[in-house]
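Heads up: the structure comes next, in structure tokens.
The values are calculated or read from the model by the stated rules, or taken from the named source; none is laboratory data. Everything numeric in this text was worked out from a predicted model, so none of it was measured. Glycine gets a Cβ as well: all are built from the backbone with ideal geometry, and neighbour counts include every protein chain shown. Accessible surface areas use protein heavy atoms only, side chains included; no ligands, DNA or RNA. Shrake-Rupley method; radii C 1.70, N 1.55, O 1.52, S 1.80 Å.
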Amino acid sequence: AGEIVEKAPVDALFEAPQHPYTIGLLGSLPRLHERRDRLAAIAGAVPDMTAPPQGCRFAARCPFAQPSCRTARPALVEIAPGRFTRCLRAPLERLAA
């Protein structure tokens, strides 16, 4: 929805994405060694940018969203050297622990 949500070195981004939108995008890439009838898709719809949401622009489609995601507009913050994300829940590894 018109914002950078993640910035990282290429290898790091593909190995461990830190924004749910990046995870969704990477999950939708076709794989040459897999045969599928349909590609994976990110559920929901892109927000109406004539009336953008108050909080995170991805919150309505995010599996990790919490109430604060819908009210607080996240800044692009550095979560590790050279790793930036626009997610209040990052780093995402702690959600799986």
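So, Gly55, is that one surrounded by 10 or more Cβ atoms within 10 Å (Cβ to Cβ), free of Cβ contacts under 8 Å to residues at least 24 places away in the same chain and out of contact with any helix residue (DSSP H, G or I) (no Cβ under 9 Å at 6 or more places or on another chain) or not? Here the answer is no, as Gly55 does not meet what is asked.
Across region 20-47, the number of residues qualifying as at positive phi and either over 14 Å from the mean Cα position of the chain (by Cα) or open to solvent by 100 Å² or more (accessible area, probe 1.4 Å) (or both) comes to 0.
Among the residues of this structure, Ala60 does not count as one that is aliphatic (A, V, I, L, M), closer than 21 Å to Arg89 by Cβ and in contact (Cβ under 8 Å) with a residue 24 or more places away in the chain. When restricted to residues that are within 13 Å of Phe58 (Cα to Cα) and open to solvent by less than 60 Å² (accessible area, probe 1.4 Å), region 77-95 contains 4.
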